[in-house]
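Undergrad: Dropping a structure here in structure tokens format, bear with me for questions.
The values are calculated or read from the model by the stated rules, or taken from the named source; none is laboratory data. These numbers come from a predicted model, not from an experiment. Note that we place each Cβ from the backbone using ideal geometry, even for glycine, and neighbour counts take in every protein chain shown. Ligands, DNA and RNA are excluded from the accessible area calculation, which covers all protein heavy atoms including side chains. Shrake-Rupley method; radii C 1.70, N 1.55, O 1.52, S 1.80 Å.
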Amino acid sequence: MSNDLNQDLVIGLDAGGTRTRAVLAAAADDGGPLLGEGAGGPGNALTVPVPRLTEHLAEAIARALPEGARGNVVAVAGGFAGATAASPDDPGHVNARSALTAALARLGIPPGPVAVCSDIEAAFAAAPGTPADGLALVAGTGAVAMRITGRRGTATVDGDGWLLGDEGSGFWIGRSAVRAGLRMADGRGPATALAAVVGRALGVPAEVLPYDTDGAWARSQRETYRRHLLPAVMADAPIRLARFAPLVAEAAEEKDAVATAILDEAADQLAYTVRALEPASGERIVATGGLLGPEGPLTARLTARLRTLGPTLDWVADGSRGAVALARLARGGGVR
């Protein structure tokens, strides 16, 4: 076993809707690198049954932590989709704590401080200096903003899921792309390259795809396109529409007007979400999610829309490092 693991250790977990990431670090905040990483299945504490959630957590932790070092773990913190630190009696929090406790016991990790929070609270804590107060914005498959006070979420805007909300999210963008293709096909919408790229991604026969974007598309081809496209969409989970968001970004880079309008509207929706939390001038907004990273298609758009409000926008990759910071605080009794 590496000498780096012969010390007190903490585990941080970022358990989101598509995967669970576990990271291992020294309990002392020495500025050193992470000592291990592992991944497992989805970690949403409201939608993943507790036995399966336990499996996913145990899988991620086991991959991050060598068996011989398990006795050195002194604290664990997890940021879970569907849970929050502010509501320990809510089903999501209860499920997350139950699954995490069971996973640690299964791996033979000694009982110790275990902190449970939302993945948004963990992402906020991942910003430099482990801030305690400010705003967090997540824009990936879903979309949600949260005011953080004393490291706990005190107000939430959106995050209402694909059926009722998540405005401006990857799902929202992907659904808009499919709608644009259907509208072009039935004559309700303008010509767009999205009809072809979405159709191709869903396995629509090449001979019925639009061969250009000037509207020269025979009605019989359009009808066949629709007959193939709709069943292909309905056969998959609705949230899987988020996988088309990168196709919209690519089409917008090629100056497709419909794709550009979709991204502009998505940025507008995220700006409305942030404004609903009434940010103060100079207040920190910590952003995460693939739509808002350094190469994210909405980063510049959203930054321009928020400029008049005056907040500062920081980006973090995910909540795993924030969870490590919270685990270190939990060791000292600062977070539970």
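Undergrad: Looking at the stretch 226-255 only, could you name the residues that are under 20 Å from residue 165 (Cα atoms), in contact with a helix residue (DSSP H, G or I) (Cβ under 8 Å, 6 or more places away or on another chain) and among the aliphatic types (A, V, I, L, M)?
TA: Listed by number, the residues that qualify are 233, 239, 241, 242, 245, 248.
Undergrad: For the stretch 151-171, check the following and say yes or no: at least one residue is open to solvent by 30 Å² or more (accessible area, probe 1.4 Å) and closer than 17 Å to residue 260 by Cα.
TA: Checked against the condition, which is being open to solvent by 30 Å² or more (accessible area, probe 1.4 Å) and closer than 17 Å to residue 260 by Cα, the stretch 151-171 yields at least one hit.
Undergrad: Determine if the stretch 111-124 includes at least one residue that is at pLDDT below 95, within 11 Å of residue 287 (Cα to Cα), in a loop (DSSP other than H, G, I, E, B) and touching a Ser or Thr at 6+ places or on another chain (Cβ under 8 Å).
TA: Scanning the stretch 111-124, I find no residue that is at pLDDT below 95, within 11 Å of residue 287 (Cα to Cα), in a loop (DSSP other than H, G, I, E, B) and touching a Ser or Thr at 6+ places or on another chain (Cβ under 8 Å), so the answer is no.
Undergrad: Checking residue 141 against (1) closer than 30 Å to residue 329 by Cα; (2) open to solvent by 10 Å² or more (accessible area, probe 1.4 Å); (3) part of a helix (DSSP H, G or I): exactly one of these is not met. Which one?
TA: With (1) closer than 30 Å to residue 329 by Cα; (2) open to solvent by 10 Å² or more (accessible area, probe 1.4 Å); (3) part of a helix (DSSP H, G or I) applied to residue 141, the lone miss is (3).
Undergrad: Kindly indicate whether residue 222 is of a type outside the set (Asp, Glu), in a helix (DSSP H, G or I) and open to solvent by 70 Å² or more (accessible area, probe 1.4 Å).
TA: no
Undergrad: For the stretch 278-326, how many residues are in a strand (DSSP E or B) and either of a type in the set (Val, Ile, Thr) or open to solvent by less than 30 Å² (accessible area, probe 1.4 Å) (or both)?
TA: So the answer is 5.
Undergrad: If you take the residues in the stretch 110-120 that are without any contact (Cβ under 8 Å) to a residue 60 or more places away in the chain and not hydroxyl-bearing (Ser, Thr, Tyr), which one is least open to solvent (accessible area, probe 1.4 Å)?
TA: Taking the candidates together, the pick is 116.
Undergrad: Further, regarding this structure: Would you point out which residue out of 147, 179, 175, 151 is more than 22 Å from residue 264 (Cβ to Cβ), basic (Lys, Arg) and out of contact with any Cys (no Cβ under 8 Å at 6 or more places or on another chain)?
TA: Every option except 147 fails the conditions.
Undergrad: Another question, if that's okay. Applying the selection to the stretch 279-336, what residues are at positive phi and out of contact with any helix residue (DSSP H, G or I) (no Cβ under 9 Å at 6 or more places or on another chain)?
TA: 282, 310, 333
Undergrad: If you don't mind, there's one more thing I want to ask. Could you tell me whether the stretch 48-66 includes any residue that is among the charged types (D, E, K, R), open to solvent by 10 Å² or more (accessible area, probe 1.4 Å) and at pLDDT below 95?
TA: Among the residues of the stretch 48-66, not one is among the charged types (D, E, K, R), open to solvent by 10 Å² or more (accessible area, probe 1.4 Å) and at pLDDT below 95, which makes the answer no.
Undergrad: Scan the stretch 237-254 and give yes if some residue there is over 30 Å from residue 42 (Cα atoms) and either open to solvent by 70 Å² or more (accessible area, probe 1.4 Å) or under 22 Å from the mean Cα position of the chain (by Cα) (or both), otherwise no.
TA: yes
Undergrad: Of everything in the stretch 68-89, what is without any contact (Cβ under 8 Å) to a residue 24 or more places away in the chain and either more than 22 Å from the chain's Cα centre (by Cα) or outside any loop (DSSP other than H, G, I, E, B) (or both)? Give them in sequence order.
TA: 89
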